[in-house]
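Trainee: Got a structure for you, questions after.
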Amino acid sequence: MSEELSLSERLNRVKEINRARNDPVYFITEILGLKTLFPKQREIVETFYQNTYDESKKEYKKLVWISGQRSGKTVLSAAILCYEFFKLMSLEDPQEHFGLLPHQNIACTCVAAGADQARDGVYSLTRG
């Protein structure tokens, strides 16, 4: 059985949710606990979500990222997938927000070089 939160605790929770929704780097480093974002990973997140930090900037819809092995692509992809899922789940009515029918499914997806990488890398890290 869960304990009811005090007004102060509820306000703090709302502030935390709003901060996390409006700052993907904060969500990734503090909520997910991925404390070791490489400078380039941070730059990629800040650039891709630039309109979150400054509404006058362009909103990107797709992220295409090519870099070498061991560069953190899979880990950052999983973190971004978690952030997108968090934003989706923190909406009051996701279907209404996207103009869908009630109870219509919504999916968060990503693309990887192969099915094994997607399943064993991105989705495994996301589940964890």
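Trainee: Tell me the net charge near residue 61. Cut-off is 15 Å between Cβ atoms, residue 61 excluded, with +1 for each Lys or Arg and -1 for each Asp or Glu.
Mentor: Neighbour charge sum, excluding residue 61 itself: +2.
Trainee: Can I get the semi-axes of the stretch 35-74's equivalent ellipsoid? Compute them from the C-alpha gyration tensor as square roots of 5 times the eigenvalues, in angstrom, largest first.
Mentor: Sorted largest first and rounded, they come to 22, 12, 6 Å.
Trainee: Work out how much length residue 56 to residue 10 would gain on full extension: take 0.36 nm times their residue separation and subtract the Cα-Cα distance, in nm to one decimal. Don't skip to the end; give the middle numbers.
Mentor: Details: separation 46, 0.36 × 46 = 16.56 nm, distance 3.10 nm.
So the extension gain works out to 13.5 nm.
Trainee: Between beta-carbons, use under 15 Å as the cut-off and find the net charge around residue 106, counting Lys and Arg +1, Asp and Glu -1.
Mentor: Summing Lys and Arg as +1 and Asp and Glu as -1 gives -3.
Trainee: Take the Cβ-Cβ distance between residue 21 and residue 112 as r, set R0 to 25 Å, and report the resulting FRET efficiency rounded to the nearest 0.05.
Mentor: Once rounded, the FRET efficiency stands at 0.45.
Trainee: Mean shadow of the stretch 72-128, computed from the convex hull of its alpha carbons, in nm²?
Mentor: 4.4
Trainee: Next up: Could you run the Karplus curve 6.51 cos²θ - 1.76 cosθ + 1.60 with θ = phi - 60° over the stretch 101-109 and give me ³J(HN,Hα) per residue in whole Hz, x for Gly and Pro?
Mentor: Ordered by residue, 3J(HN,Hα) equals 6, x, 6, 6, 5, 10, 10, 9, 10 Hz.
Trainee: Right, something else. Would you kindly work out the equivalent ellipsoid of the stretch 31-101 from its C-alpha gyration tensor and give its semi-axes, the square roots of five times the eigenvalues, largest first in whole Å? Spell out each step's value before the answer.
Mentor: Values: eigenvalues 122, 46, 29 Å².
In descending order the semi-axes read 25, 15, 12 Å.
Trainee: For helix 39-48, report the angle its Cα long axis makes with the longest principal axis of the Cα atoms of the chain; keep it between 0 and 90° and round to the nearest 10°.
Mentor: That helix lies at roughly 60 degrees to the long axis.
Trainee: Still on this structure, I have one more. So which GluC sites (Glu not before Pro) in the stretch 1-83 are both in a DSSP loop and have at most 10 other Cβ atoms within 10 Å of their Cβ?
Mentor: Details: sites: 3, 4, 9, 16, 30, 43, 46, 55, 59; in loops: 3, 4, 55, 59.
Loop-located and lightly packed - 3, 4, 55, 59.
Trainee: Rank 27, 38 by accessible area, highest first, at a 1.4 Å probe radius? Provide the component values of the computation, followed by the final result.
Mentor: On the way: 27 10, 38 105 Å².
Descending order: 38, 27.
Trainee: Report, to the nearest 10°, how far helix 73-89 tilts away from the longest principal axis of the Cα atoms in the chain, using its own Cα long axis and a range of 0 to 90°.
Mentor: The answer is roughly 20 degrees.
Trainee: Does anything in the stretch 26-57 have its amide N under 13 Å from the 7 Å Cα→Cβ label point of residue 66, and if so which residues?
Mentor: It comes to no residues whatsoever.
The values are calculated or read from the model by the stated rules, or taken from the named source; none is laboratory data. None of the values given here were measured: they were computed from a predicted structure. Every residue, glycine as well, gets a Cβ built from its backbone with ideal geometry; the counts of neighbours run over all protein chains shown. The area values use the complete protein model at the heavy-atom level, side chains included, leaving out ligands, DNA and RNA. Shrake-Rupley method; radii C 1.70, N 1.55, O 1.52, S 1.80 Å.
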